[in-house]
1. So in segment 193-207, with the set limited to residues that are assigned to a helix (DSSP H, G or I) and either crowded, with 22+ Cβ neighbours inside 10 Å or among the polar types (S, T, N, Q) (or both), which one is modelled with the highest pLDDT?
2. I'm told R279 meets every condition in (1) without any contact (Cβ under 8 Å) to a residue 12 or more places away in the chain; (2) touching a helix residue (DSSP H, G or I) at 6+ places or on another chain (Cβ under 7 Å) except one. Can you identify the failing condition by its number?
3. Quick one: is P185 in contact (Cβ under 8 Å) with a residue 12 or more places away in the chain and open to solvent by less than 10 Å² (accessible area, probe 1.4 Å)?
4. Output the residues belonging to segment 213-223 that are modelled with pLDDT under 85 and surrounded by 20 or more Cβ atoms within 10 Å (Cβ to Cβ).
5. Scan segment 132-144 for residues that are open to solvent by less than 100 Å² (accessible area, probe 1.4 Å) and either polar (S, T, N, Q) or modelled with pLDDT under 85 (or both) and report the count.
6. Would you confirm whether any residue within segment 225-236 is open to solvent by less than 30 Å² (accessible area, probe 1.4 Å), hydroxyl-bearing (S, T, Y), touching a Lys or Arg at 6+ places or on another chain (Cβ under 7 Å) and touching a residue at least 60 places away in the same chain (Cβ under 8 Å)?
7. Check segment 501-513 and report whether any residue there is in contact with an Asp or Glu (Cβ under 7 Å, 6 or more places away or on another chain) and either at pLDDT 90 or above or not charged (D, E, K, R) (or both).
8. Given segment 44-106, what helices (runs of 4 or more DSSP H) lie entirely inside it while holding 1 or more residues that are open to solvent by 30 Å² or more (accessible area, probe 1.4 Å)?
Amino acid sequence: MDIFSLFTLLGGLAFFLYGMHVLSAGLEKMVGGRLESVLRSITSNRFKGLALGAVITIAIQSSSAMTVMLVGLVNSGIMELSQTVGVIMGSNIGTTLTAWILSAAGIQSDSFWLRMLKPESFSPLLALAGILLIMMGKEGRRKDAGHVLIGFSILMTGMSFMSQSVSPLADMPVFQDILVMFQNPIAGILLGAVVTGVIQSSAASVGILQSLSMTGSITFGMAIPIIMGQNIGTCVTSLLSSIGTNKNAKRVTAVHIYFNVLGTVICLLGFYALNAAFRFAFVDTPINALGIAMVHSLFNLFTTVILLPFSKLLEKLAKVTIRDKNNQVALLDERLMLSPGFAIAECRALAVKMARTARDSMLGAIRITREYDPKLAAEITAQEEEIDLYEDTLGTFLVKLSSKDLSHADSNEAAELLHAIGDFERIGDHAVNILRVAQEIHEKQLRFSEKAQTELRVITQAIVDILNLTVEAFETENSALAERVEPLEQVVDSLKTELKSRHIRRLQEGRCTIELGFVLTDLLTNYERVSDHCSNVAVTVIQIKDSALEAHGYLNQVKSEGGGTYTQAYNEYMSQYQLPQSGAAPG
């Protein structure tokens, strides 16, 4: 083996790691957001967590990324520590798929169909299909699928380069002498852990071992400790990601480390105890790529079967190791950006919380205009501060996230969420404005006439309904509900115009005080602004479903052309929110 073989080895490793990165990123774009909604719904059922951890890791092809996301989700308070234990175990099982795919490279046969099963045979075709999808695909999902195919092809090219570069090692005495060192299981564990920790990818380190196995110099006895060490080495990524997190998030990393270390100790002691008793013949025989994939899978499955019943003890061990009194939770953890699809879904979940808070704040402000309550006033003020925090956090996070390599759908949703949170923040501001109106009414002991109160109840009910309709449409991403917001907003505008006209007539006739007139004007102005922001949010919901839609164009078209659905909804609302007949009543 000369210097050029070393260059080929390093180049092959670079291709392998880059291919894994491209493959993982493409898969995550395609499925990340949908899998996130499933992950967030995990209960304390450890078997469900185990299955989901395996499925998600297979989908995104990275157990390290899975664990880092769990650290971020726990740090954000989205998941509990107990929910992550099963997921961590499942991710260790899911990551074994890569080794099985790579083991197909060792297939030897003259049969056309068997030769086509070799990745080096079909990966060029996948690369061709991938580049065609990228160049010709108009939709984001097709381009993402193209990147998945390209990533897999690059990965397999790197695997091929590594295999070719190490083949001369079989005839080198120096290499044989080095291998003797790793017949010691402790040395093998350390080698596997260090290599995996440095390149931060257990799949890549397993791939390197599979390449070396093609020299015929690696035995089962050497490979087994190295594979176990690789599982310990993969904890380095989650360990680094936990820096700066709260105590609960650090415990996720502790669970990951304890699971892999205890699994290694148990399996290693059990294997060598049985080998001492029965003298397994296969220990000194050469292992191939398929054998490595098999050992890798059996080790992770066996470890999971042994430790899954003790998941609560792992959790307690992590809590004993990492103690805390104050455990501050971040609203959104930047580690979630490792998986943009997950991050976008978490931004939406937080935006939904913001929407509910803004609605509750406005409904509280409406209630306090009827009967002043200092406790409710303090609650509205606190909610406004909470809404501002949501906007600052989401706005900063979404801007940073927008610079990442997002899918077309995720990029579109990030832009629309940025618009929506601004409208929710303004609704919170208007709730505080209405609170000030309520305080003025309370302090000056002002009172509207029964007729004026009846009129106000009509527009107030319309505001309550448009708020509930908007938040429900936003939360469920229901464009059909969102389309009913604009006609109701037009009805609110009509009600405000009519109520202002009646107020002016009462002023001219001397049947209303100027003081009550100011209060009424402030109230109606805030009501109208709230309905305007609801309209903006509804258009955002519709835009997420139809990225080609332009907000102002849509509103202008709806208002000018109407349409059957819009006109029908508008007429229904006009009939539902009818003002009483105008009469001679004071303001």
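1. A193
2. R279 satisfies all of (1) without any contact (Cβ under 8 Å) to a residue 12 or more places away in the chain; (2) touching a helix residue (DSSP H, G or I) at 6+ places or on another chain (Cβ under 7 Å) except (2).
3. no
4. Of everything in segment 213-223, just one residue is modelled with pLDDT under 85 and surrounded by 20 or more Cβ atoms within 10 Å (Cβ to Cβ), namely M214.
5. Qualifying residue count for the region: 4.
6. no
7. no
8. Result: 46-60, 81-94, 97-103.
The values are calculated or read from the model by the stated rules, or taken from the named source; none is laboratory data. The shown structure was predicted, so the numbers you read here are calculated from the model rather than taken from an experiment. Glycine also receives a Cβ, built like all others from the backbone with ideal geometry; neighbour counts cover every protein chain displayed. Note: areas computed on protein heavy atoms with side chains; ligands, DNA, RNA excluded. Shrake-Rupley method; radii C 1.70, N 1.55, O 1.52, S 1.80 Å.
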